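*Asks:* Here it is, the structure in full.
The values are calculated or read from the model by the stated rules, or taken from the named source; none is laboratory data. Because the structure is a prediction, the values reported are computed rather than measured. So basically every Cβ, Gly included, is an ideal-geometry build from the backbone, and we count neighbours across all protein chains shown.
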Amino acid sequence: MKRSSASALLSLLLFACSAPAAATVALKQIEWPRNFGYRLGDTVPVTLTLDVAAGWAPDRDGLPEPGQGDRQFELRQLTVRDAPERCGNCRVYTLEWQLMKSVRAPQTLRMAPQSLRFRKDNAVAEIKVPAFEISTAPLLHWASKKDIVSSVHPGYLATEFDTRAPLLRALGWGVAGVLLLLAGLWAGGRLGGQRARPFARAWRSVRALCARSDADALQQAFRALHGACNETAGATVFASNLPDFIAHNPAFADQSEALRTAFAASRACFYGLPPQGGYDSPAALLRLLAALRDREKLRAKGPSVRQAPLSRAA
């Protein structure tokens, strides 16, 4: 009887020893950075390897947030990554602190201890990160604490360099850019004598209206045609004095019939009548204006002839 009781007790102890511990969060390793040679602005990374069991997650406000810290150190960033190469549930937490204190002489600063808190349902696990000390040095050695400005010894000289070559290169590129811009404006008819040609401007205006097919766009296109004719003649051109316009501007003589048709279609458009001559959209006027623009360009290149303005009678 005693022997069986002893065997039962031994089996119970073996079972208790072999039972797995409750799954929680455990600190596996802390990788401290070097503890010397820091100056203002340097970063101090602290790496923690945690064994985080399934179901555990950081508690609300359980991890420090970037920007937190004391007057000596400030947390710049907190990164988390899985590390299956270390253990099955391992995660690596890296806290990157930045030194914010400027010291006057070599000094040892202490990083305050931190706590990381995790939760699973109502259970809470807390990981304690102990304090850590590092040695810091000033940016420059001060000879006196009373007058900082006068105590800094001049030890750095500016390197002289020739600024003429970069300025000449910048000037050359600037001139090239201006010439390219002027060439583009001239090719597009926006520079020099081309800007003064009325039918060229009317053609560009109507081309911009070709994407529209409403009545207002068609009226704007006809206004552009009339405006170019009026500016070329130096007076208002009506359908009644259109022959006089052609007589004073013989370069447009081959387009006289097309102009009569366009003027009739313009009258129908502004009086709400059905479209005439196929002029039902701004695109229909584009071909006529292109022909007038080309003849206007050829006339501008020829000998200058002073022409009398048209009669202003309707």
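*Asks:* Take Ala183 and decide whether it is among the aliphatic types (A, V, I, L, M), more than 30 Å from Asn35 (Cβ to Cβ), surrounded by 10 or more Cβ atoms within 10 Å (Cβ to Cβ) and modelled with pLDDT of 90 or more.
*Replies:* no
*Asks:* Something else: State all residues of segment 229-263 that are in a loop (DSSP other than H, G, I, E, B), within 52 Å of the chain's Cα centre (by Cα) and of a type in the set (A, V, I, L, M, F, W, C); if no residue qualifies, say none.
*Replies:* Ala235, Val237
*Asks:* Also, I was wondering about something else. Residue under question is Gly227, and the condition is that it be at pLDDT 90 or above and loosely packed, with under 11 Cβ neighbours inside 10 Å; does it hold?
*Replies:* Answer is no for this residue.
*Asks:* Here is a list: Gly174, Gly189. Which entry is at pLDDT below 90 and under 36 Å from the mean Cα position of the chain (by Cα)?
*Replies:* On inspection, the qualifying residue turns out to be Gly189.
*Asks:* Would you check which residues across segment 41-80 are part of a strand (DSSP E or B) and small (Gly, Ala, Ser) and list them?
*Replies:* Correct list: Ala57, Gly69.
*Asks:* Look through segment 61-82, keep the residues that are within 35 Å of the chain's Cα centre (by Cα) and under 14 Å from Glu126 (Cβ atoms), and return whichever of them is surrounded by the most Cβ atoms within 10 Å (Cβ to Cβ).
*Replies:* Leu63
*Asks:* Residue under question is Ala208, and the condition is that it be in a helix (DSSP H, G or I) and in contact (Cβ under 8 Å) with a residue 24 or more places away in the chain; does it hold?
*Replies:* no
*Asks:* Taking only segment 219-228 into account, find how many residues are under 39 Å from the mean Cα position of the chain (by Cα) and within 13 Å of Ala265 (Cβ to Cβ).
*Replies:* The number of residues fulfilling the criteria is 1.
*Asks:* Report every pair of residues separated by at least 6 positions or lying on different chains whose Cβ atoms are under 6 Å apart, first residue within segment 264-280 and among the polar types (S, T, N, Q), second in a helix (DSSP H, G or I).
*Replies:* Qualifying pairs under 6 Å: Ser266/Phe222; Gln276/Ala264; Gln276/Ala265; Gln276/Ala268.
*Asks:* Another question about this same structure. Could you give me the residue pairs with C-beta distances under 9 Å whose first residue belongs to segment 174-196 and is among the basic types (Lys, Arg), whose second residue is in a helix (DSSP H, G or I) and modelled with pLDDT of 85 or more wherever it lies, and which are 6+ apart or on separate chains?
*Replies:* So the pair list comes out as Arg190/Arg204; Arg195/Arg201.
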